[in-house]
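Beneath this line is the structure, given in structure tokens, with notes to follow.
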Amino acid sequence: MKGNELREKFLKFFESKGHTIVPSSSLVPANDPTLLFTNAGMVQFKDVFLGLDKRAYTRATTAQKCVRAGGKHNDLDTVGRTARHHTFFEMMGNFSFGDYFKRDAIKYAWEFLTEVIGLEPERLWATIYLDDDEAHDLWVELTDIPEERIVRMGEKDNFWSMGDTGPCGPCSEIIYDRGEEYRCNAPKCALGECDCDRWLEIWNLVFMQYNRDEDGNMTPLPRPSIDTGMGLERVASVLQNVDSNFDTDLIRPLITAIEEMSGKTYYGDDRGFPFRVIADHARACTFLISDGVLPSNEGRGYVLRRILRRAVRFGKVLEMEIPFLYRFVPKVVEILGEAYPEITQKQEQIAQIVKIEEERFKATLNEGMKVVNEMIAKVKQEGRSTISGKEAFMLYDTYGFPLDLTEDIAEENELEVDTKGFEKAMEEQRERARAARGDAREWDDAVVLSGLLQEVEPTKFVGYDMLTSESTVQALIVDGEKVDRVSAGQKFGLVVAESPVYPEGGGQIGDRARLTGHGCQGQVTDCKRLPDGKIIHETMLDEGQLAVGDRVTLAVFAQTRYNTQRNHSATHLLHRALKEVLGDHVEQAGSLVTNDRLRFDFTHFSALTEEQLQQVEERVNQQIFADLQVEAFETAYEQAKEMGAIALFGEKYGDTVRVVKMGNYSMELCGGTHVKNTAQIGIFKIVSETGVGAGMRRIEAVTGPRAYEYVSGRMAKAEETARILKTKPDEIDQKAEQLVARVKELERKVTSLQDRLANYQSEDLLKQVRHVDGVPLLAVQVQVANMEALRSMADVLRDKLGSGVIVLGAVIEDKVNFVSVVTKDWVDKGLHAGKLIGQVAKVAGGGGGGRPDMAQAGGRQPDKIAAALDQAAGVVMEQLK
């Protein structure tokens, strides 16, 4: 049975049992900063299990794309060494949200395995939690598994929890016995005592029946749920009767393609390790990039970079010329594109991003390997056995070497790496991670708040149609606790029945608003929506008191909202204009919409030209001047997609979605606030266009009053510049060209004069040449205007000296500069200008290096220049020895 057929059979089977087939979610978890990647089928249902989200169904089934690399669940270093571990894999799952429980979960699993895909019942075993007698009795009652093939195991193996607190419960794993031929050499090769390849876990049934509190106490859940996970590749290996997941039709064609490209033969033993790594990593890179992850030096992008570069390193083992990995993207698409059409749609873009990163890594390797070799030589020369954390971090920070690459190179040279020191040196980067964990704390806070507000109905948002509304206070929260009353001077969270205040979301900042009530007033400083629909208004009470049940009026700051709406509507027009000018590969990868500017990140491979930027800006302004009507309406998600509405990366959509349509020009799924017609945007002006990662660009722009201020400011600067240049504003470019030409002419004259001066000075300087162990040495301080003149003087002196060593020092703009030159005959005898100048500059508080024949360096202590030059003779003598 082919892998694609197995996937389809699984989904159709559970659909026949009343389950809704839910598409795989993105590998980037939506609104969940606690995870790097989606690593299990239940991730997209996490809020449902926690009671924060409600779906139109109580039974679901999925084929979920997963990545386990980085963070708590990290299989990266194991990939290729075993038959089962992957960075990217597919997890089949069936879920019950308070519907059926253990009986049906076990019954469905047994029916699917033995009747639908025909696994031999006598090869199936079940593990259960130690004291889960209910599961034991159900396996005996509902299946053909005898008592002796039901194994009780401890909490480590058979008890699952979502976190330290929250939903948890025992689980039951279904094990396939591959037979005696796969047993290990242990005296007793038995399930529960041995973890060898004989015992293959194919399906895990999690029975979520308890809620664990902070003290570890477990209480039964009112509506127990089911979460199961089956590895598609593992079951395919059983059905296809192959030794490894890598030999299934889901991965083996990739290995065949690697054989063809490398000209080398694949073997299933250790010799095939590089093939397996490349095949696995090609899949992971393809899917991560299709879901918007791009190579970078932090977070998800760093993990992707590690995966990609690890594949490239093993390609070098197979003697494949970089770049090569991008050539395997079409093969991944050929195998999995039907099940996951997003990789088919983005195939060209994915391949191009992989190729760009490969080429960057090739340059990094070529440059960085020289540094690594020098570092290793230095470590050995100093008698050390460890590359310091500081040295490893320098390789990471300067040359982009992942830590595991440095460790591999160190191991090849019988050295170790101080990983603790490396982690310490990464403190600055870890600050960003801490900021991300701050987002995670916000998510945890959301879970706590949702628990506090269980009895409160979701807030009705009325801010699309009005900016002021009166409502009843439903809850007040101070320091994470519900209170009945707040007083002037207190900060608190406010929940009302209905609100015109827009909560932060979709890239748009939350509204600010004025609160008034009977004898009280205050300000809403921020606003956020909980996953279950309740809106928390972060409020400061300026005067009076406020109690639960009081009536209050919330009035959004109108001008701030209007400006924010202008910017949000402009991002929709910008998105469309970029697709028209650059191509359909452009996709939104992130945005920020505030009241004073907009920021728009999008996928593209190179900087926009001035002409392209002008075209984009003109197209947006054309649609503004066209006074297009902006309409918003709700419809079913599938219907919106059929209409051509654009769904944005990273957003989580329900069954019913809101569509924002601007004439016949733009149509996107969006929950934000917008202008009534595009003319209200006023004017659109691009402020900057920059790169923010491989294959990603960023445009920042302003609209309305801010655009007017920006343009007026630029015009005022132009008029001031014209006044300084004594010309007219519309003739500044001509005047500038004339000045640049004049400067170049004067620079040529200065260079000519410097050369003549150096020639005159050289005669006097050569009189100061002395001999050190037979080497003609000139080490003197000179006066020059710039570094170019210093190098020029060194060239003249070398030509006139003919044979020897020259070291020149000069103070230029209060900084010490050195140049050293060694003629070819003395380079051949072992003298090195770069090493010489490094030691000389060190005396003056600096450093540097360069080629054996010529080098330059700097220093920070001008008063030490004479002492530094005196050092030259000693260094020459050392080098001769």
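The values are calculated or read from the model by the stated rules, or taken from the named source; none is laboratory data. Remember, it's a predicted structure, so these values are computed and weren't measured experimentally. Virtual Cβ from ideal backbone geometry, glycine too; neighbours counted across all protein chains shown. Please note that ligands, DNA and RNA were not included when accessible areas were found on the heavy atoms of the full protein model with its side chains. Shrake-Rupley method; radii C 1.70, N 1.55, O 1.52, S 1.80 Å.
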Ranking F633, A868, L76 by how far each Cα lies towards the positive end of the charge dipole of the chain (+1 on Lys and Arg Cβ, -1 on Asp and Glu Cβ), the top one is A868
The alpha-carbon pair-distance distribution computed for segment 488-626, with 5 angstrom bins and whole-percent values, is 2, 9, 16, 16, 14, 11, 8, 8, 6, 5, 3, 1
Note: E737 to K370 extended length (0.36 nm per residue) minus current alpha-carbon separation gives 127.8 nm
Between the modelled labels at T20 and T78 (7 Å from Cα along Cα→Cβ) the distance in nm is 3.4
For K728, counting only lysines whose alpha-carbon sits under 23 Å away and dropping same-chain residues fewer than eight positions off, the answer is K717
Ignoring ligands and nucleic acids, D137 exposes an accessible area, probe 1.4 Å, in Å² to the nearest 10, of 90
Using a 1.4 Å probe on heavy atoms of the protein chains only, the accessible area for R851 in Å², nearest 10, reads 130
So the carbon and sulfur contribution to the accessible area of the chain, 1.4 Å probe, in percent, is 46
Under 5 Å from the placed amide H of E201, counting only residues 5+ away or on other chains, we find Y176
Here the convex hull volume per residue of segment 338-408, taken over Cα atoms and given in Å³, is 106
With +1 on the Cβ of every Lys and Arg and -1 on the Cβ of every Asp and Glu, the dipole magnitude of the chain about its Cα centre, in debye rounded to the nearest 20, is 3080
The correct ranking of S606, S262 by accessible area at 1.4 Å, largest first, is S606, S262
Summing -39500 (n - 2.57) over every DSSP H run of at least 4 residues in the chain and dividing by its residue count gives a helix-only mean residue ellipticity at 222 nm, to the nearest 500 deg cm²/dmol, of -13000 deg cm²/dmol
Straight-line reach check, K390, cutoff 12 Å on alpha carbons, 8 or more apart in-chain or any other chain, hits among aspartates and glutamates -> D418, E423, E427
Heavy-atom accessible area of D53, protein chains in place, probe 1.4 angstrom, given in Å² to nearest 10, is 40
Quick calc, segment 663-801, dipole around Cα centre from Cβ unit charges on Lys, Arg (+) and Asp, Glu (-), nearest 20 debye, gives 220
Placing +1 on each Lys and Arg Cβ and -1 on each Asp and Glu Cβ in the chain, then taking the dipole about the Cα centre, the residue among G704, I409, I806 whose Cα reaches farthest towards the positive end is I806
Between I509 and residues 5 or more places away or on another chain, the pairs with built amide H atoms under 5 Å apart involve V593
With a 24 Å threshold on alpha-carbon distance, the violating pairs from K744/K800; K835/K881; K579/K685; K800/K864; K46/K534 are K744/K800; K800/K864
Residue-normalised value, i.e. accessible area per residue, for segment 773-881 at 1.4 Å probe, in Å², stands at 46
Largest-first ranking of W203, W110 by accessible area, probe 1.4 Å, whole protein assembly kept, is W110, W203
For segment 306-371, using Cα atoms only, the Rg and Dmax in Å read 13.4, 45
